[in-house]
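We did not get these values from a lab; they are worked out from the coordinates using the rules stated. Small disclaimer: the values here were computed from a predicted structure and weren't measured. Using ideal geometry, Cβ is built from the backbone for each residue, glycine included, and neighbour counts are taken over all protein chains shown.
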Amino acid sequence: MSSAITYSRYGGPDVLTLTEVDAPEPGPGQVRIKVRAVAVNPIDLKIRSGIMEGVFPAEFPVLPGSDVAGVVDKAGEGAAASVGDEVFGVASVGGYSEYALLDRPVAKPEDVNFETAAALVTVGETAYRGLHHLDAQEGDTLLIHGAGGSVGTIAVQLAVLRGVTVVGTAGEHDLGRLTQLGATAVAYGEGWAERVRAAFPQGVDRVFDASGAGVLADSVALTGDAARVITIADMSAAQHGVRFSGGGPADRFPEALPQLAELIAAGRLVVPIGATYPLAEAAQAHADVEARRARGKAVLTP
């Protein structure tokens, strides 16, 4: 048996309960890890609340979470990692739990801690994917909406590493941090498009919307071409002719994770961790994320 967080009805953070579950057994090609860290993602909160029921119908009890890092303690036949290896990735079973199964374990560099590795998984792949679909290249000017968020922060850093000129919209409290990361920071909210035009009269080449804040029409106008705009957060994308990248199985880049982990190990990429919590305090972590009290990723440590 092992400890895990589960819930048996939709609701607020208080539905999360610490319970005992059977430790999963790895099948062929899988590894079981002793989880050392698991990230709390916004999608976890949305599924728990029930607002995603039409897309992700729950089979109660639900064991939430997917982005994990830990140490392999059991390996199935043909698995890509061995007992004792430190790995991270997307859990196929488990999450907010002591044990999880990984189908595609990624080796964790020694210089990357477990909390950072877990926090990287979804936001890192999403940022990488957005830049890939946009084909942002050296010399381009890229506008990133929601640049102060977890995905946006990584996208800013990856674009700057490519030699892309980055302008990012964010809240006042994040503007200084974005400037330190190498972006031109612009306050979001009413008038953002005018502020971007003032900073870049020549216009922008591409737009990555990580905010979902109703910015697509003006973003298309800024680039002059809907094909140069992508969103990961605005479900009205099709109305504007904009690509929506939702991270379905056919739209993922798992090969991004080893590359991003090496960048972190080399000190060239930072994943901000806002707060860490013991597994038993998952409800508090959800409440803090919902209230936007966590400046960076929230991570549970079983």
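Taking a sphere under 13 Å around the Cβ of T165 and counting the other residues whose Cβ falls inside, with K and R at +1 and D and E at -1, yields a net charge of -1. Taking the DSSP bridge list for the chain and keeping only pairs wholly inside it, about 55 percent are antiparallel. Listed by Cβ neighbour count within 10 Å, with the fewest neighbours leading, H240, H286, H132, H173 appear as H173, H132, H240, H286.
Pick from V31, V21, V87: which residue has the top mean-square fluctuation in a GNM of the chain where Cα pairs under 10 Å get a spring? Sorting by GNM fluctuation, first place goes to V21.
Note on L161 and I43: their simple-model spin labels are 2.2 nm apart, each label 7 Å out from Cα toward Cβ.
Potential lengthening of the chain between E20 and A198 amounts to 58.4 nm, from the contour at 0.36 nm per residue minus the alpha-carbon distance.
Picking from Q157, Q259, Q137, which is most flexible by a Gaussian network model of the chain using Cα springs under 10 Å? Its mean-square fluctuation being the largest, the pick is Q259.
Neighbour counts of other Cβ atoms within 10 Å put E290, E125, E25, E110 in the fewest-to-most order E110, E25, E290, E125.
Note on M52, M235: ascending count of other Cβ atoms within 10 Å places them as M235, M52, the fewest first. Within segment 166-184, list the residues whose amide N lies under 20 Å from a label point set 7 Å along Cα→Cβ of I51. Under cut-off, by backbone N: 171.
Across every direction, the projection of the convex hull enclosing the Cα atoms of segment 124-249 has a mean area of 6.8 nm². The K34 and V270 beta-carbon pair, evaluated with R₀ = 22 Å, returns a calculated FRET efficiency of approximately 0.25. When the chain is treated as a Gaussian network with alpha carbon springs shorter than 10 Å, the biggest mean-square fluctuation among V121, V62, V106 belongs to V62. Pairs of Lys residues in the chain, spaced 8 or more positions apart or belonging to different chains, with C-alpha separations under 22 angstrom: 6 in total. Per-residue extension of 0.36 nm, minus the Cα-Cα distance of H173 and R104, leaves a gain of 21.1 nm for this segment.
Maximal additional length on extending the H133-A221 stretch stands at 29.8 nm, based on 0.36 nm per residue less the C-alpha distance.
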